[in-house]
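Enquirer: The following block contains the structure, expressed as structure tokens.
The values are calculated or read from the model by the stated rules, or taken from the named source; none is laboratory data. Keep in mind it's a predicted model, so treat the numbers as computed, not measured. So basically every Cβ, Gly included, is an ideal-geometry build from the backbone, and we count neighbours across all protein chains shown. Remember, those area values only see protein heavy atoms, side chains included, never the ligands or the DNA or RNA. Shrake-Rupley method; radii C 1.70, N 1.55, O 1.52, S 1.80 Å.
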Amino acid sequence: MKQGDRIQDLPGFNLSVKTADGTATTLASYIGTKPCVVFFYPKAGTTVCTKEACKFRDEYSVFTSAGAEVVGISSDKPDALAKFVKSQRLNFPLLSDEGSKLRKGLKVKGDLFGLMPGRVTYVFDKTGTCVLSFHSALNAQKHVNEAIAAIKALPA
């Protein structure tokens, strides 16, 4: 997925996945009515992933005050995500992409020569058009900073 692409046109958009509490949902329930930040991360509880999720948590009010939602996605099972949400006091939804169907549908590339699931952040405007596609395997804080800048640059 790259800037200018519409998420609704990609096969992963309507795939059913589970939230941290085990409820079935789709990306379609988060995107298309307001701006949305979707960040893919390799594994809940690991050092860089925890830094990234906590930075999104700490800056969550910046996103919500701009009318945006934040959604994190990994291949972890819902129970692992639930523990991660609780231990890190996360204030946004995490989705379980077991089998990496969303990753594949949204064309998220792996890191470290494909040995590790990719870390990428997308920002979508309220129509579902990608306005930011940011990839960095190790710079977790920059994912949040880039997402904030993209959200702030959107027209009101």
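Enquirer: Working carefully through the options THR50, THR64, find the one that is closer than 25 Å to LEU154 by Cβ and modelled with pLDDT of 90 or more.
Expert: After ruling out the rest, the residue left standing is THR64.
Enquirer: Assess whether LYS101 counts as being open to solvent by 70 Å² or more (accessible area, probe 1.4 Å), at positive phi and either of a type in the set (Val, Ile, Thr) or at pLDDT below 95 (or both).
Expert: Judged against the criteria, LYS101 is not a match.
Enquirer: Take GLU69 and decide whether it is closer than 25 Å to ALA150 by Cα, surrounded by 22 or more Cβ atoms within 10 Å (Cβ to Cβ) and charged (D, E, K, R).
Expert: no
Enquirer: In contact (Cβ under 8 Å) with a residue 12 or more places away in the chain and either within 13 Å of the chain's Cα centre (by Cα) or part of a strand (DSSP E or B) (or both): is that true of GLU52 in this structure?
Expert: Spelling it out, GLU52 is indeed in contact (Cβ under 8 Å) with a residue 12 or more places away in the chain and either within 13 Å of the chain's Cα centre (by Cα) or part of a strand (DSSP E or B) (or both).
Enquirer: Considering only residues that are at pLDDT 80 or above and among the aliphatic types (A, V, I, L, M), look in the range 104-119 and name the one that is most open to solvent (accessible area, probe 1.4 Å).
Expert: In this case the residue turns out to be VAL108.
Enquirer: Taking the options PRO42, PRO93, PRO35, name whichever one is more than 19 Å from PHE134 (Cβ to Cβ), under 14 Å from the mean Cα position of the chain (by Cα) and either among the basic types (Lys, Arg) or crowded, with 18+ Cβ neighbours inside 10 Å (or both).
Expert: The match here is PRO93.
Enquirer: Still on this model: Residue by residue through the range 1-32, note down the ones that are open to solvent by 30 Å² or more (accessible area, probe 1.4 Å), part of a loop (DSSP other than H, G, I, E, B) and within 20 Å of HIS135 (Cα to Cα).
Expert: The answer is LYS2, GLN3, GLY4, ASP5.
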